[in-house]
Structures are given as structure tokens and as C-alpha cells.
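Notes follow once the structure below has been shown.
The values are calculated or read from the model by the stated rules, or taken from the named source; none is laboratory data. Computed from a predicted model, the values in this text were never measured in an experiment. Cβ: placed from backbone, ideal geometry, glycine included. Neighbour counts: every protein chain shown. These accessible areas exclude ligands, DNA and RNA; they are computed on the full protein's heavy atoms, side chains included. Shrake-Rupley method; radii C 1.70, N 1.55, O 1.52, S 1.80 Å.
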Amino acid sequence: MTDDTFIEGPLYEKRRKVYPQSVHGPFRRIKWTILCVTLGVYYFLPFLRWNRGPGLPDQAVLIDLPHRRFYFFFIELWPQEVYYFTGLLIIAAMMLFLMNAVAGRIWCGYMCPQTVWTDLFYAVERWVEGDRRERIQGDKHYWSFDHLRKVALKHFLWIMIAWWTGGAWVLYFSDAPTLVKDLATFQAPYTAYLWIGILTGTTYLFAGHAREQTCIYMCPWPRIQAALTDEWALNVTYRRDRGEPRMSVKKAEAARLHGEPAGDCVDCHQCINVCPTGVDIRHGIQLGCIQCGLCIDACDNVMREIGRPSGLIGYDTDINMQRRREGKAPIYRIIRPRTLIYAVAIALVGGIMLYTLATRGTMDVNVLHERNPLFVQLSDGGVRNDYTVRLLNKGAQRSFLLEVSGLPGATVRVAGVTAGSGDKPIIEVGQDQTREIRMSVQLEPGRVPRAAVDIGIRITDVASGETASARDHFVPAD
Ligand code: SF4
Ligand code: SF4
């Protein structure tokens, strides 16, 4: 091992508190818009109603754990359809990869819940304690009455937001207006209070205190993202070729008058001051940079004030940084094999999910052969096999005709069911319910096969004729 394999500098560095300054500009406006839309959806979606007919919940988005259903507007998913969530997870991962291939950590900078809530908590802090300068001054006189009053108000507002964040989460698991009433009158289940408490605590901790440390030290995505990105991805970049050598406005003007090189960067530190993670983007792309674009707004404002062209900091690619050093014009390639593969994967999985959703039936049947005993030898020489059959009815209450095929002459009986004939019982299943029955299939002595045979179990909706089927087998005696 040589000396240069050692990392220079301390292995532990005390956190330097970040005091992001407010900034105006297009990227800030985009962030405000996304914040309002995402939080608006999260906080108010549970109150949106959706009429599904009598006997069914009218909440547009509901995770109904007691009845094991997930409702999303016109879609109702059963536990057997959990593969749709797998599909959603695949699409979410591919979207993340696609965003990364197009514009680096754009998810981190604009849409990640940690970013959105931290941004909101910063807005509250700024509103109560003032902008960067006032907050720094306030922390220097921490124990003054005025500052303590502001700090107390800030924490109170943070806890209120965190509490409402936890409260909104539990509303997705029960009828929202009813649960709000129950929570207010202390009649809600204790698990609701427990989850509100947990989420209040985590929101307050992560958005109010951990802030940028969550992105830098805790989140795995920056590490994964760094391995997935390429030289064509757009990243927030300082144009070194334009900015250096950096100097004050006066010195730059004088240098230019004398024909000496002068960069556009006036070393005003505005890009660092507005950064929510305290990064100096002029040192290049760093793990701490969440690609939020606020330093672009800050620098463009400075450039406008000093009469220089905007874009000293901007979204750009590694390829273009290289090309600029070589005096070549920048090129952009959003559509390339990597982005196409991700887009096709999203379209494919999304298409399959939409197709299966559009064509799925409103009924189903599952069959499980009795294992102990596999068969029952009857005293007259006949043989009986027993099965557990589960009928799924995703529609209104209806009657199903149960048939067994592949066993001529078989007698089919269902415990507790008398409707229907001896080989075709009729079973009632309530609206949006499943019903488990015990089915016996019996053969007379002369009809018993020598070896196990495959059989089909089919249910038919008596009213509509819609069918669903499953397969199992009939085991004769040894
Ligand atoms: S805001 Fe622009 S001009 Fe000011 S220090 Fe940053 S890069 Fe330089
Ligand atoms: S360096 Fe710029 S883009 Fe990166 S986190 Fe800071 S403000 Fe956002």
C-alpha cells in the first residue's frame, strides 16, 4: 500500500449548519409548483369521493386492510392481484433510471419527499426567523428572548405540519371524514394514533433537523445514481471555461480593458448561500448536490445585475464540458439507447398492466386438493376426493354454478349447499366477497380410474354466463 492510497483530511467532520438564502427565478418557481401540487395531492386526496355503488366505500383512494382491498378511483385490487404493485414498482424504478439518464438527480432536487418537506420547513423557518443573514445573527444570540420566541414558534409550526403529515397518512387507510371525527373525539383505533405519532416524529426529525444530512449520509440513491449516470446526462454544472479566473467586478472590468483574461465569476458566493445542502458547485459535481437548480437562479440573477450573459451555472453534460475545453460547440443527446431502453420498458410494463386491468374478469376460482387423506375409499368400492374451493366475486351478489369436468359420472357435493343438481351445485357469493367451500367429488365403483386424472373445476355466473376455471386432479385408491 502506498501513501497516496490514504484519504487526506479527517474521517469525521462536524456538521456545518446550512442557512439557505431565499432566491427567485425559474427553477425556484418550478420547485414551488411541484411542492404545492405534491403536498396538495398528499394532504387532500383522502377526502376525494368516488361513487362505486351501494355497499362499497366511496373514498377515491383507500387501502382497506380489514377487507384486504385497495381502491384507486375506478380500480379495485384484491390480494391475489398484488402483482400490479410489482408492476408499479418496476415502472417507478425505470422512471427513476430514465430521469437520471436525462437529467441526473432531478428526482432528488424536485420530487423526493425529503426535498419537498425540507423545502417547506425551510420556508416556515425563513418566514418566522427571517432570511439567511437574520438566521445567522439569531443563532449568534440564541438565548435572547426574541430569538427564543421565534424558535419556539418555528418548532410549533414544524410540529403542526409534521402532525398533519402523519394524520394525512392514516386517512388513506380508513374513511377519511369518519376517521377525522373519530380522531377528534378520541374514538379512533389506537394504531391510528400510534402511526400519526411515528410519522409526526419522523417528519419533524428528517425535514426539520436532519435536512441535507439525509441526502448526503443516509440515502442510498446518490451512490446508486452515480453508478448509473453517463456523460450525456444533464447535471447542474459550473462553466469553468467561462467563470475562471474569478475576480471582483471592478478587477474583471480593468482586466478586460487591458486585454487580460477575466472570468465571469465574481466570487460573490450567492450560489453557495442559496444551496440547501451548502455545496459550492464551482468545485464540480458532488455527492451533496441534489441538482435543485437554485444556484442557477442565484447566479443568473448576479449575471443580470453585472451585465454578463446568464448560464454561468446551468444544466449541462460532461461531454459538453469536454467539448467546451476543446473550443467545440455543445451537443445534446436526450434520445439515446439508454433512455430508449428505459422508455420502452416503462411502456411495456405499463401496457401489460393496462391490458390485464382492462381484460380481467370480475370472478375467479381457486382450488386446493385435500392432502390428508388424499382420497377416501368408500365401503361400496367407490372413491371420494375432497377439495377446498375459494370463489371470488368482484361484482354484485350473484350465484355460481359449479361444475367438474374430466370425470364422467362424478357426483359433486358442497357442504351446506342444497341448490343445484347433484353434479352441479349452485353457490351464492355476496357482493365484493370471497366464499370458501368444501367440495366432495365422488365416483361409483365401476367408474374409478386406475391412475390419477386431471380435472377441471369451472364456475359459471348463472345470470351472465361469465365463467372462470381452475385445474386439479382426482386420486383413485392405491
Ligand atoms: S453566484 Fe455565480 S458569480 Fe457568484 S460565486 Fe457563484 S458562480 Fe460565481
Ligand atoms: S449546488 Fe446548486 S443544484 Fe446542487 S444542491 Fe446546491 S443549489 Fe442545488
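Once neighbouring chains are kept in place and the probe is 1.4 Å, which whole percent of the accessible area of the chain is contributed by carbon and sulfur?
63 percent
For region 126-191, build the charge dipole from Cβ charges (+1 Lys, Arg; -1 Asp, Glu) around the Cα centre, then report which of Trp163, Val151, Ala184 sits farthest towards its positive end.
After comparing all options, I get Val151.
Counting other C-beta atoms within 10 Å, and keeping those with at most 11, which DSSP coil trypsin sites (Lys or Arg not before Pro) do you find in region 280-337?
Here the trypsin sites (Lys or Arg not before Pro) that fit, given the DSSP loop and packing criteria, are Lys328, Arg333.
Can you list the aspartates and glutamates whose alpha carbon is less than 15 Å from that of Lys424, not counting same-chain residues fewer than 8 positions off?
Qualifying aspartates and glutamates at Cα under 15 Å: Glu403, Asp461.
Rank His209, His67 by accessible area, highest first, at a 1.4 Å probe radius?
The ranking, largest first, comes out as His67, His209.
Name the residue farthest towards the positive end of the dipole of region 326-439 from the options Phe400, Ala329, Met353, assuming +1 on Cβ of Lys and Arg, -1 on Cβ of Asp and Glu, about the Cα centre.
The Cα lying farthest towards the positive end belongs to Ala329.
Compute the relative contact order of region 24-110 as a whole-number percentage, counting only Cα pairs closer than 8 Å that sit 6 or more residues apart in sequence.
15 percent
Output wanted: per-residue J couplings in Hz (rounded whole) for region 230-242, from phi through Karplus 6.51 cos²θ - 1.76 cosθ + 1.60, θ = phi - 60°, x for Gly and Pro.
Values per residue, Gly and Pro as x: 9, 6, 9, 6, 6, 9, 5, 9, 8, 7, 4, 4, 8 Hz.
Excluding residues fewer than 8 places away in the same chain, name every one of the lysines whose C-alpha is closer than 17 Å to that of Lys394.
The reachable lysines, counting only those whose Cα sits under 17 Å from Lys394, number zero.
Distance between Cα centroids, region 231-245 to region 336-387: provide it in whole Å.
One Cα centre to the other: 53 Å.
Below 19 Å, Cα to Cα, which lysines can Lys14 reach? Residues fewer than 8 away in the same chain don't count.
Cα-Cα hits under 19 Å: Lys140.
For Met247, tell me the accessible area in Å² from a 1.4 Å probe, rounded to the nearest 10.
40 Å²
Say a site is exposed when it is one of the chymotrypsin sites (Phe, Trp or Tyr not before Pro), sits in a DSSP loop, and has at most 14 other Cβ atoms within 10 Å; what is then the longest site-free stretch of the chain?
Free of exposed loop sites, the longest segment is 333-478.
Where in the chain are the helices, taken as whole DSSP H runs, whose Cα atoms extend 24 angstrom or more along the long axis and whose Kyte-Doolittle mean reaches at least 0.0?
Helices meeting the criterion: 26-44, 83-103, 145-171, 337-359.
Would you list His155, His141 from the most to the least accessible area, probe 1.4 Å?
Order by accessible area, largest first: His141, His155.
Of His209, Gly311, Thr434, whose Cα points farthest to the positive end of the dipole of the chain (charges on the beta-carbon: +1 Lys, Arg; -1 Asp, Glu; origin at the Cα centre)?
Value computed over the given set: Gly311.
Would you mind getting the accessible area per residue of the chain, heavy atoms of the protein chains only, 1.4 Å probe, in Å²?
Dividing the accessible area of the chain by its residue count gives 56 Å².
Starting from the residue with the highest accessible area, list Lys140, Lys250 in decreasing order, probe 1.4 Å.
Correct descending sequence by accessible area is Lys250, Lys140.
Looking only at Cβ-Cβ distances, which cysteines of the chain have no other cysteine closer than 4.7 Å?
Cys36, Cys108, Cys112, Cys215, Cys219, Cys265, Cys268, Cys275, Cys289, Cys292, Cys299, each lacking another Cys Cβ under 4.7 Å.
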